[in-house]
Amino acid sequence: MDRLGRGDNLSSVVLDKKVKERDFTLDGIRFIAIYMVILIHVSAKGFPSMSEHWWAINFYDSISRGAVPLFFMVTGALLLSKETSARTSLKRAWRIAVPLFAWSMIYLSWFRYTGTEFPHWIRTTLRTPVAPHLWYLYTLIGVYIFLPVMVGFCKIQDRSAQYLALAGCFFGSCIAPMLYALTQKTYIGVEFNFLSLYAGYIVAGWMLYNQLDWKRAPVALAAVVWALCAAATAVFTWQHSIKLGRADETFYIYSSPFVVIGAISSFVLLRALMTRLFQNSEKVKNFLADAGKLNFGIYLVHVLVMFWLDLNGMDYRFANPWIAIPITALAIFVLSAALVYVMQKIPLVRQAVPA
């Protein structure tokens with residue numbers, strides 16, 4: 001609190017209250033997850049080529065695949081214990097719809113500037129993400145609308161019923177689709193299409209957050225499982241791509257069992273580590289509380305920053321990809337954070353990058 005000045009006791013009390021109300025570990029998880037998202041997007045450009053440095057791309061892509069599932073699990077941890085209503089659901093959805101529309105227009109303007117024209121901008125925005133990463137916002141609007149259903153699920157007293165439902169979600173959304181993708185055969189005729197993978201992530205985040213004894217969380221086991229899942233993702237992606245004669249993302253998708261298990265393990269690992277390492281560090285808590293306000297904006301703007309750096313010769317190839325990918329991702333992260341910080345200081349503009 002020294003950074004506030006010794007005389008600013010009121011500000012210190014207010015900040016202490018805000019820090020206590022926020023779970024800094026969840027801010028920390030999102031902070032790491034957004035960097036992982038950027039690693040994926042920097043690596044993606046070189047994935048189809050299967051060039052001599054393809055393993056660097058495959059490595060960074062594989063270790064980062066749990067990024068968006070982490071976002072969903074944090075959403076569950078934050079929201080499923082709260083009462084919700086049609087009004088609060090629509091308010092949350094509107095808070096996403098405004099920046100979604102604003103950034104769709106920004107990205108469409110960029111594409112026009114760089115020589116790609118999209119007809120009917122409004123219609124295009126209503127139908128599909130104009131930039132690939134914006135799919136998450138479309139999904140999040142649906143999540144908020146159906147949030148009362150998931151809140152009701154979390155109020156079920158019988159935990160075994162909850163576990164059974166999650167197990168069915170895992171099989172129906174992960175195992176069965178993966179088996180069909182690899183073999184083109186259906187082994188069980190039960191219809192699982194009604195099960196939502198993303199709802200499964202959200203509920204799993206709530207269950208872990210509220211039911212796991214974090215003082216005894218198996219940190220070492222979670223780290224090993226995460227590492228094994230990332231390694232399996234990389235190896236199976238390589239083998240399957242070699243078999244097909246082209247780069248293939250079957251084992252990258254968010255319904256891949258390795259991605260699901262790895263994401264859950266990473267959630268346990270990251271929250272347990274931050275709880276144990278930084279619990280008594282007010283500086284870290286304050287930093288993560290402040291940084292947490294930038295996360296959503298960074299997600300929105302980072303692709304535009306990546307496009308700009310790409311035009312100026314900085315991408316996964318400006319040096320050896322093993323080095324270039326994390327450095328480029330870090331540059332995008334820092335520049336995006338700085339841009340969002342400035343935008344959040346400007347009236348009206350801040351609505352496009354809400355804290």
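Taken together, the values in this text are just the output of simple stated rules run on the coordinates, not laboratory data. Note that the structure is predicted; figures quoted are calculated from it, not measured. Neighbour counts are summed over all protein chains in view; Cβ atoms, including those assigned to glycine, are modelled from backbone coordinates with ideal geometry.
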Looking at region 23-352, how many pairs of lysines come closer than 24 Å at the Cα, when each pair is eight or more places apart or spans two chains? 17
Got the relative contact order for region 23-352 handy, in percent, Cα pairs under 8 Å and 6 or more residues apart? 30
Applying the span-like rule to the chain (DSSP H, Cα extent along axis at least 27 Å, Kyte-Doolittle mean at least -1.0) gives 24-44, 86-113, 219-244, 257-278, 321-343
The chain, helix-only ellipticity at 222 nm - DSSP H runs n ≥ 4, -39,500 (n - 2.57), divided by all residues, nearest 500: -22500 deg cm²/dmol
Can you work out the FRET efficiency for the pair Phe287 and Lys185, with r the C-beta to C-beta distance and R0 = 45 Å, to the nearest 0.05? 0.30
Want the number for Trp135 to Thr114: 0.36 nm per residue separation, take away the alpha-carbon distance, what's left? 5.4 nm
When the Karplus curve 6.51 cos²θ - 1.76 cosθ + 1.60 is applied with θ = phi - 60°, which whole-Hz ³J(HN,Hα) does each residue of region 345-353 get, with x for Gly and Pro? 8, 9, x, 6, 4, 4, 5, 7, 9
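How would you classify region 17-88 from its alpha-carbon gyration tensor, with a ≥ b ≥ c the square roots of the eigenvalues: rounded for a/c under 1.5, else prolate if a/b is greater than b/c, otherwise oblate? The partial results should precede the final answer.
On the way: a/c = 4.27, a/b = 2.52, b/c = 1.70.
Note, shape of region 17-88 comes out prolate.
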Roughly how far apart, in whole Å, are the Cα centres of region 137-213 and region 221-239? 22
Run the dipole for region 23-352 about the Cα centre, Lys and Arg Cβ at +1, Asp and Glu Cβ at -1, nothing else charged, and hand back the magnitude in debye, nearest 20. 660
Where a ≥ b ≥ c are root eigenvalues of the Cα gyration tensor, a/c under 1.5 meaning rounded, otherwise prolate if a/b exceeds b/c and oblate otherwise, region 282-355 counts as oblate
Beyond 34 Å, how much of the Cα-Cα pair distribution for region 23-352 remains, as a whole percent? 25
